[in-house]
Amino acid sequence: MRLSAFALSTTKETPADAEIVSHQLMLRAGMIRKLGAGLYTWSPLGMRVLKRVEAIVRQEMDAAGALEVLMPAVQPAELWRESGRWDQMGDLMLRMTDRADREYCFGPTHEEVITDFVKRDVSSYKQLPLNFYQIQTKFRDEIRPRFGLMRAREFIMKDAYSFHMDAADLDREYHVMRAAYARILDRIGLDYRIVAADSGAIGGAKSEEFHVLAGSGEDELAVSEDGRYAANTEAAITQRPAGDRAAPAGELRKVDTPGVATIAQLCAALDLPPEQTAKAIVVMGDAGDPVLLVLRGDHSLNEIKAENLEGVAKPLTFADEATIRTHFGAGPGSLGPVNLNLEVIADHALANATDMAVGANYDGAHFLNFNWGRDSVEPRFADLRNVVAGDPSPDGSPLALLRGIEVGHVFQLGDKYSTALDLTVLDENGRAVVPQMGCYGFGVSRIVAAAIEQCFDDSGICWPAAIAPFDLMIIPIKADKSAAVREACETLYAQCRAAGIDAAYDDRGLRPGPMFADAELIGVPHRIVVSDRGLEAGMLEYKGRRDAESKQIEHSLEAIRQALGLPATP
Ligand code: ATP
Ligand code: MG
């Protein structure tokens, strides 16, 4: 590509409304332009990266035996009513009506549509298993679209859906897809982790996420030191500590704590470490009465775990102050399990705790030396909290917390959608069977941003070679004054293209500084500089994007191939 004809549009200034590096650099490099909240146009430069990602994804999905389809972005409401998700999706779904007042949504995902597609054509076990995929635009009306393409409203996803006669075959395909995702990320060349995940609104049993590691990642991951356990902290489990509870040491004693509303204030007022306190959170139960959740003062509630507890209303609903006063006789800030006629669920971490400080159910008062069993009923113990660094993983090795960007998600859906949409196929005995389904999502546009979060420096983007917009930048020095430089560049550019090297030639007639700056900003992995002085010596100047210094290489295609790490021409 000749840059004079490429509509490259770069800027030195960091855009004020871009918080994270990938968003800043994609705007500065001119890869994307904002149209509206969470809506972006991909420029020709951005498209080059996007297409390379798509090509890798497509190759690996094809190699894994998945079949490409393309489904409509606009989907009839009827299908979503059949699955029960028309109401469940809430405001995340963009809805519209056509001229005949029929309702539609702009697809946030395609389980319903693919199930309907399969229903029309598949009737026998002989046709299964099948796995269909597409690379397509989704729309999700995210509450907080931000970070550019990282959390956009309109974005590109690769989504695949598989259909099986039984759970064992679904499990087999799940592992085929999991391996394909690992190959995609290996080929792109990013540092990632596969973690156990919560299945969220999509539903189903087993699911894992693929996260690109980056400090700016919105997700927190718990990974064991020995690497055998990894989970999104949304889903990371904690266990009941081993051993027995010690006998109570002190007598239950009520103390005045006027104005204390938080654990930090309680610790300051009573000179206690937070581990010696318990916090009370009141949520609605599924039978109408509130339920008291009790956690160690320094721990935080995991809302996903809480709403999955038996007896707790789903979606999780925190009790309002009036309800709390009716049942506790005090307001939030002084609540606890003493003299309480409600169900109490306490976190595992409190199972062996003794002599704790808890709210007294009197405004401005707490109890010291609270002990389960003696001062209240024994609660039900459960896994209620978010893991913290150092917690033991299920196999005992301590957990470290890392930040990640979710770029892929694989699910075993089971029969949720096939049952809801009445999909059956006949087995070899002529019996109708409801197929098992899997679904496999990959954030094609998000991974472009995720790659930048992992690969940048002060000068700009440092693309992994596999998804760089160009392989090589050819930069002339004083081309306006030297026919020899112009001719050498033209020849090298033609030779590279003939050899399959995707070269860009900076023929814009700029001074060297701006040309170097642009090549670095847009992240081209290799550059060569062509000058009269070099040509006279038969040399080119070469620099890899991450190299500290440039070096001289011979003025030949072979020397360029060698610098790029390509095999010699056969
Ligand atoms: P998140 O938790 O980040 O909101 P999700 O779990 O809702 O994502 P999935 O339904 O699993 O997303 O979608 C599959 C993939 O699509 C995700 O792994 C992610 O890479 C990508 N994706 C989801 N939402 C967005 C978005 N708003 N912008 C860009 N990519 C997205
Ligand atoms: Mg997900």
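The values are calculated or read from the model by the stated rules, or taken from the named source; none is laboratory data. These numbers were taken from a predicted model, which means no experiment stands behind them. Using ideal geometry, Cβ is built from the backbone for each residue, glycine included, and neighbour counts are taken over all protein chains shown. Keep in mind that these areas ignore ligands, DNA and RNA; they rest on the heavy atoms of the full protein, side chains included. Shrake-Rupley method; radii C 1.70, N 1.55, O 1.52, S 1.80 Å.
For this structure, a couple of remarks:
- Check on SER216, open to solvent by 10 Å² or more (accessible area, probe 1.4 Å), farther than 23 Å from MET47 by Cβ, in contact (Cβ under 8 Å) with a residue 12 or more places away in the chain and polar (S, T, N, Q): yes
- Residue match in the stretch 394-408 (condition: surrounded by 17 or more Cβ atoms within 10 Å (Cβ to Cβ) and under 23 Å from ARG172 (Cβ atoms)): yes
- Sole residue being more than 32 Å from the chain's Cα centre (by Cα) and without any contact (Cβ under 8 Å) to a residue 60 or more places away in the chain, chosen from GLY331, GLY364, GLY359: GLY331
- Selection within the stretch 141-153: residues that are under 21 Å from PRO15 (Cα atoms) and surrounded by fewer than 24 Cβ atoms within 10 Å (Cβ to Cβ). The member of this set that is nearest to ligand 2 (Cβ to nearest atom) is ARG151.
- Those strands (runs of 3 or more DSSP E) lying entirely in the stretch 346-434 with at least 1 residues within 16 Å of ligand 1 (Cβ to nearest atom) and touching a helix residue (DSSP H, G or I) at 6+ places or on another chain (Cβ under 9 Å): 399-414
- If the condition is being open to solvent by 40 Å² or more (accessible area, probe 1.4 Å) and over 32 Å from the mean Cα position of the chain (by Cα), then the stretch 90-130 contributes ASP98, ARG99, ALA100, ASP101, ARG102, ARG120, ASP121, SER123, TYR125, LYS126, GLN127.
- Contact map, the stretch 490-512: first residue within 12 Å of ILE560 (Cβ to Cβ), second residue open to solvent by 70 Å² or more (accessible area, probe 1.4 Å) and not polar (S, T, N, Q), Cβ cut-off under 6 Å, separation 6 or more or different chains; the map is empty.
- Between ARG58, ARG48, the distinction of being among the basic types (Lys, Arg) and either within 28 Å of LYS416 (Cα to Cα) or in contact with a strand residue (DSSP E or B) (Cβ under 8 Å, 6 or more places away or on another chain) (or both) belongs to ARG58 only.
- Residue match in the stretch 540-551 (condition: in contact (Cβ under 8 Å) with a residue 12 or more places away in the chain, open to solvent by less than 30 Å² (accessible area, probe 1.4 Å), touching a Phe, Trp or Tyr at 6+ places or on another chain (Cβ under 8 Å) and among the aliphatic types (A, V, I, L, M)): no
- The listed residues are GLU234, GLU225, and the only one of them that is open to solvent by 50 Å² or more (accessible area, probe 1.4 Å) and more than 23 Å from LEU316 (Cα to Cα) turns out to be GLU225.
- Looking at ASP186, ASP116, ASP141, just one residue is farther than 28 Å from GLY46 by Cβ and of a type in the set (D, E, K, R), and that residue is ASP116.
- Put simply, of HIS348, HIS366, HIS327 the only residue that is of a type outside the set (A, V, I, L, M, F, W, C) and open to solvent by less than 20 Å² (accessible area, probe 1.4 Å) is HIS366.
- Selection over the stretch 154-196 of residues that are in contact with a Ser or Thr (Cβ under 7 Å, 6 or more places away or on another chain), open to solvent by less than 20 Å² (accessible area, probe 1.4 Å) and within 13 Å of ligand 1 (Cβ to nearest atom) gives a count of 1.
- ALA18 open to solvent by less than 40 Å² (accessible area, probe 1.4 Å) and over 22 Å from the mean Cα position of the chain (by Cα): no
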